[in-house]
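Colleague: Before we start, here is the structure in question, set down as structure tokens.
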């Protein structure tokens, strides 16, 4: 069972719908006990990085930490990916999960922000992105970007290159919205849902 | 890797069916919204907007049902607008499966609704729709273009440029700009007005009103500086196949999602 974590950062209907469409068994939860019983965790999220403070309040951070340490697949989406880094200038005092090095920053001046729409990705060898080729289009909507690091498995460019997907062992994140990215997005969610 | 410009299909819905008015008089039944939305997405439309034109109390239940049915098999961004007056109205639309709401008349009298929906569901979920008309007999008809409500019948006294900036500062994620002068003409978008609004804000602007052929889309995405362009009737009756439309637009040098 996939635990889709609800920490009041936007609307989870689309994520659930897409997970169900690829045949996954998924539940929405804010309960640490249910996270402990899950065999995969999805951390979605749109909106503000500061919403991640609710993860600490509800005791979810600790249960996520334990589950990730035990090796179950974890997928952060959008703000969920950003949380995997050390933090974000959007909420400088909120620590991230620090699974990956670096901090998220706002897009610069002189371009439209948020970065909204379909952009293409350049992909590296990855479990999550299996079957997805470079040049595939996915749907983004965000104002902050994560840096490109060694564990970056997909890069997108908007003004500068940034991390579109990141992966190390069982810890993964995507900046784009697979649940809104048509067949490409559903394939990525299916890859995740089938992981052991 | 370039952010592509979006081609958006708009479904005008009344009583659970897609309709298209001809000069606001004859309303033609154009089909089932769930079916049309799915077909649009498969054909390569980048985004779907469903606009409820009933806007009556008894119509709301039907709308939620329609949104639910439409969202069920739709895996591209899905916006719903029409008659959203409160945070609760918006919440019900999101629960039914919409990704964004488009708000219009209600925020003219209650602009804080933008902040409220944005802080609860994220700025990316809030589109402020602006229906504007160029100022008549004026030195600068674009700078003084006025915001209208009630389907373009009622002037508000607000300048479109000022209102767009206020919507941005209150946390709108996008602006949907409809030119009431161009709407229904199929003679092209109002590129000059769209460019003025797009330059005035940092958030993306979706152009609407006047689409008749692929050149109109290319024009508004290039000269009009729009980030996306929306049309309704030209898609429904097979006038424009979105794939061909995108290929034509791409030939003019506009980055679009192809193949899609």
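Colleague: In whole Å and largest first, what semi-axes does the C-alpha gyration tensor of region B:6-251 yield when each eigenvalue is scaled by 5 and square-rooted?
Modeller: Result for region B:6-251: semi-axes of 24, 22, 17 Å.
Colleague: Need one value for A:11-21: mean number of C-beta atoms belonging to other chains within 10 Å of its residues' C-beta atoms. Spell out each step's value before the answer.
Modeller: Details: counts 13, 2, 8, 9, 0, 1, 6, 1, 0, 1, 3.
Taking all residues of A:11-21 together, the mean is 4.
Colleague: What FRET efficiency do you get for residue B:53 and residue A:33 if R0 is 51 Å and r is their Cβ-Cβ distance, rounded to the nearest 0.05?
Modeller: Efficiency for this residue pair is about 0.65.
Colleague: Shape of region A:54-196 from its Cα gyration tensor (a ≥ b ≥ c, root eigenvalues): rounded if a/c is under 1.5, otherwise prolate when a/b > b/c, or oblate?
Modeller: oblate
Colleague: Antiparallel versus total DSSP beta bridges in the protein assembly as shown: what percent is that, nearest 5?
Modeller: Rounded to the nearest five, the antiparallel share is 40 percent.
Colleague: In peptide A:108-121, how many Cβ atoms from other protein chains are near each Cβ within 10 Å, on average?
Modeller: 6
Colleague: Pick from B:178, B:86, B:109 the residue whose mean-square fluctuation is largest in a GNM of chain B, springs joining Cα atoms under 10 Å.
Modeller: Checking each option, the largest mean-square fluctuation is seen for B:109.
Colleague: Next question. Counting only helical runs of four or more DSSP H residues, what would the 222 nm mean residue ellipticity of chain B come to if each run contributes -39,500 (n - 2.57) and the total is spread over all its residues?
Modeller: Result for chain B: -10000 deg cm²/dmol, rounded to the nearest 500.
Colleague: Then there's this: Take every residue in peptide A:97-106, count the Cβ atoms of other chains within 10 Å of its Cβ, and give the average of those counts.
Modeller: 0
Colleague: What relative contact order, as a whole-number percentage, does region B:56-179 give when Cα pairs under 8 Å and 6 or more residues apart are counted?
Modeller: 21 percent
Colleague: Once R0 is set to 45 Å, what does the formula 1/(1 + (r/R0)^6) return for the Cβ-Cβ distance between residue B:153 and residue A:86, expressed as a FRET efficiency to the nearest 0.05?
Modeller: 0.25
Every number in this text was worked out from the coordinates using simple rules, so none of it is lab data. Remember, it's a predicted structure, so these values are computed and weren't measured experimentally. Cβ: placed from backbone, ideal geometry, glycine included. Neighbour counts: every protein chain shown.
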